[in-house]
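The values are calculated or read from the model by the stated rules, or taken from the named source; none is laboratory data. Values in this document were obtained by computation on a predicted structure and should not be read as measured data. All Cβ positions, glycine included, derive from the backbone under ideal geometry; neighbour counts span all protein chains shown.
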Amino acid sequence: MPSTTNDERTWRAVAELYHAFFTGIVLASSSRLGGQRAADLVFEVFSRQREQKFVAGLQKLGLAGQPDAVAAAKYHYLSNWIGGVNVEFMPESDRKAWIRYGTPRWVWEGSALCGVPPIVSEAMLRGWHARNGVALGNPRLGFVCTKQAADGDSALEGYYFEYDEPLEPHQRLRFDRTQDAPDFDPALAPALPTEQWPSERLAKAHRNYAMTYPQTAVGTAIDLWGEEQAVAVIGLAAKQIGMQYYPTVCAILGATPDGSAHSAADILAALLSGHGTSASVERAAAGATVTQEAPVFVGPGAHPAVDRIWGRLFEGALATHNHRLRLERDGLTWRIH
């Protein structure tokens, strides 16, 4: 019974798949439910991510104790840099620090940028950037957006600013298209210590960065829309992403699919192992069985529909591999025949 093991190649393949899945979730929500409901979803996703990641991340990245505006901007620089995002950090003072997400935009890869309503891009800022001051216990810290790629600007750009007076909730995010960020100077940007962040840790963190957005989004969609609509919209997006990105994932894995059930099982096992668990393949004349050691993607207490939606990624992948094959699943066991 051959088995696969984790390596940086499988982590990259998993990261690419989930990167695309999150973009697909947002596009599917926008096109099928409208810009406002997609914005509501994105706002809630980024709010939950901020609650789970931001304050703890400041400690992990060595930013605790720095001026709030600078620490917030540095956090977004480093966390997004780890995720492979084109990002820049430009400090002006202890009370003002810029962040710029340049083009091409990571989250709206390729032509996806054309399908993202500006209100959805704003929702990301409202859910996270505008509320960092609240998370830090500093009601005077806000975010000023000066550019949005979703509006045709050259980047998503803005700065954290600490005002003299506490901000009302509606003042935490402001827009000012008259300002322009300073040029990026790499010498002023923070860097992770290599002894604490070797290449293996960075590769895993890159995978986790891409995974966590669809993990949060799927559960959030179920909470906001109910099971039936979430499965219909997000489940379809999962299958479509699996179909579209299967060749890309295979190329990253160095796999050459031949259309057989055995080949499909090897590739599925590699992807499952890239999540951080071992997966084994058992071949038979009629097909193949893949058994994963532990659950992945679906956390404790998750709604059962999360698992159903997630599984459709691999239904889509198999459809591109060979649309004549069938995928059946029972818990941690997958049968391809």
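Would a scan of the stretch 204-217 turn up a residue that is of a type in the set (S, T, N, Q), modelled with pLDDT of 95 or more, surrounded by 16 or more Cβ atoms within 10 Å (Cβ to Cβ) and not in a helix (DSSP H, G or I)? Within the stretch 204-217 (the criterion being of a type in the set (S, T, N, Q), modelled with pLDDT of 95 or more, surrounded by 16 or more Cβ atoms within 10 Å (Cβ to Cβ) and not in a helix (DSSP H, G or I)), the answer is no, since none of the residues qualifies. Every condition in (1) under 14 Å from the mean Cα position of the chain (by Cα); (2) within 27 Å of Pro182 (Cα to Cα) is met by Asp68 except one, and the failing one is (1). From the list Trp106, Trp98, the lone residue that is surrounded by 23 or more Cβ atoms within 10 Å (Cβ to Cβ) and in contact (Cβ under 8 Å) with a residue 60 or more places away in the chain is Trp98.
Only one entry in Ala305, Ala319, Ala255, Ala251 is without any contact (Cβ under 8 Å) to a residue 12 or more places away in the chain, of a type in the set (A, V, I, L, M, F, W, C) and surrounded by fewer than 21 Cβ atoms within 10 Å (Cβ to Cβ), namely Ala251.
Given (1) assigned to a loop (DSSP other than H, G, I, E, B); (2) aliphatic (A, V, I, L, M); (3) at pLDDT 95 or above; (4) out of contact with any Gly (no Cβ under 6 Å at 6 or more places or on another chain), identify the lone condition not met by Leu167. It fails just one condition, (4). Only one of the listed residues (Ser199, Ser154) is among the polar types (S, T, N, Q) and within 19 Å of Phe89 (Cβ to Cβ). That residue is Ser154.
For the stretch 236-272, a tally of residues being among the polar types (S, T, N, Q) and more than 19 Å from Ile309 (Cα to Cα) returns 4. Here Ile25 passes the criteria (1) surrounded by fewer than 24 Cβ atoms within 10 Å (Cβ to Cβ); (2) out of contact with any Phe, Trp or Tyr (no Cβ under 6 Å at 6 or more places or on another chain) except the one numbered (1). In this structure, is Ala64 outside any helix (DSSP H, G or I), surrounded by fewer than 16 Cβ atoms within 10 Å (Cβ to Cβ), of a type outside the set (Ser, Thr, Tyr) and in contact with a helix residue (DSSP H, G or I) (Cβ under 7 Å, 6 or more places away or on another chain)? Yes. The single condition from (1) outside any strand (DSSP E or B); (2) among the hydroxyl-bearing types (Ser, Thr, Tyr); (3) touching a residue at least 24 places away in the same chain (Cβ under 8 Å) that Thr194 fails is (3).
Let's see how each residue does on (1) aromatic (Phe, Trp, Tyr); (2) under 17 Å from Ala319 (Cβ atoms); (3) not in a strand (DSSP E or B):
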| site | (1), (2), (3) |
| --- | --- |
| Ala251 | no, no, yes |
| Thr256 | no, no, yes |
| Gly259 | no, yes, yes |
| Ala269 | no, no, yes |
| Leu272 | no, no, yes |
| Val281 | no, no, no |
| Thr291 | no, no, no |
| Pro300 | no, no, yes |
